[in-house]
1. How many of the residues in region 116-137 are buried (at least 17 other Cβ atoms within 10 Å of the Cβ) and in a loop (DSSP other than H, G, I, E, B)?
2. Scan region 83-98 and give yes if some residue there is touching a strand residue (DSSP E or B) at 6+ places or on another chain (Cβ under 9 Å), among the charged types (D, E, K, R) and touching a residue at least 40 places away in the same chain (Cβ under 8 Å), otherwise no.
3. For Tyr56, are the conditions met, namely being modelled with pLDDT under 85 and of a type in the set (Phe, Trp, Tyr)?
4. Give the residues of region 139-187 that are charged (D, E, K, R) and in a strand (DSSP E or B), sorted by residue number.
5. Could you check how many residues of region 168-180 are among the charged types (D, E, K, R) and either buried (at least 17 other Cβ atoms within 10 Å of the Cβ) or within 10 Å of the chain's Cα centre (by Cα) (or both)?
6. Looking at the structure I just gave you, is Gly195 closer than 18 Å to Ala68 by Cβ, open to solvent by 40 Å² or more (accessible area, probe 1.4 Å) and not aromatic (Phe, Trp, Tyr)?
7. Can we say Arg109 is within 13 Å of Gly195 (Cα to Cα) and surrounded by fewer than 18 Cβ atoms within 10 Å (Cβ to Cβ)?
8. Report yes if Asp125 is modelled with pLDDT of 95 or more, under 20 Å from Phe85 (Cα atoms) and among the acidic types (Asp, Glu), otherwise no.
Amino acid sequence: MDERDGGGSPVGRRIVLGMLGLGAFGVAAGARLQQGVNEALEPISGFVPGGGGFRYYSVVSSVRAKTAQSYRLEVSGRVSRPRAFTMADLAALPQTSLTLDFQCVTGWRVPDVPWSGVALPDLLDACGAAPDAKALTFTSFDGVYTESLTMEQARRRDVLVATSMYGKPVTHDHGGPVRLYVAPMYAYKSLKWLGGIEVVDEVEPGYWELRGYDVDAWVGRSNGRDDAPTA
């Protein structure tokens, strides 16, 4: 279902790399100047300066919010028990909490973010994911953004279907009510506004991979960056 509200303006790799350069300049020149850079970029990138060190990105002009009552997470593909999970269904599954950094490929990092939700392996087990399936495809209810993981990556215990952040429900701006959090990879893998998970036979490159980013986005070991690992 296309929940997108308006046509949107996709953010290209050139703009994001430009943001990286400007972000580094902002660190050197101070937070006040960085705020001005953020505001200048906002009209062309769908980028919004945020609190707590976060930066908010979207590849569409706006995303229609879902409430806890209206939200559904569709799990399909090579599973024996396809399901549409409500928030209550997710809360009834085993819960996992972890506190780890959130690292963007453009250079900024938010340290020690507390996350809670369902570890992706537990969700896959609840749906009976085929043992010989090779990958997962994730879709956002913004109607555009997609991501992928290999099954081996998805089976890590530090990959969450996150419903809580800083001890509170994930807000809409942060990709709620449910988002993906892939702890050891750059933030573009942590898909916001998670609407669907499909178990598939091969990796399908996501939105940013189709625009030049690495499919395997390990922090400090991909995209030409040497950031300290987050996990």
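1. Here the count works out to 1.
2. Within region 83-98 (the criterion being touching a strand residue (DSSP E or B) at 6+ places or on another chain (Cβ under 9 Å), among the charged types (D, E, K, R) and touching a residue at least 40 places away in the same chain (Cβ under 8 Å)), the answer is yes, since at least one residue qualifies.
3. In short, yes.
4. Glu147, Lys168, Arg179, listed by residue number.
5. 1
6. So Gly195 fails the test.
7. no
8. So Asp125 passes the test.
The values are calculated or read from the model by the stated rules, or taken from the named source; none is laboratory data. These figures come from a predicted structure and were not determined experimentally. Note that we place each Cβ from the backbone using ideal geometry, even for glycine, and neighbour counts take in every protein chain shown. Quick note on the areas: whole protein, heavy atoms, side chains included, nothing else; ligands and nucleic acids left out. Shrake-Rupley method; radii C 1.70, N 1.55, O 1.52, S 1.80 Å.
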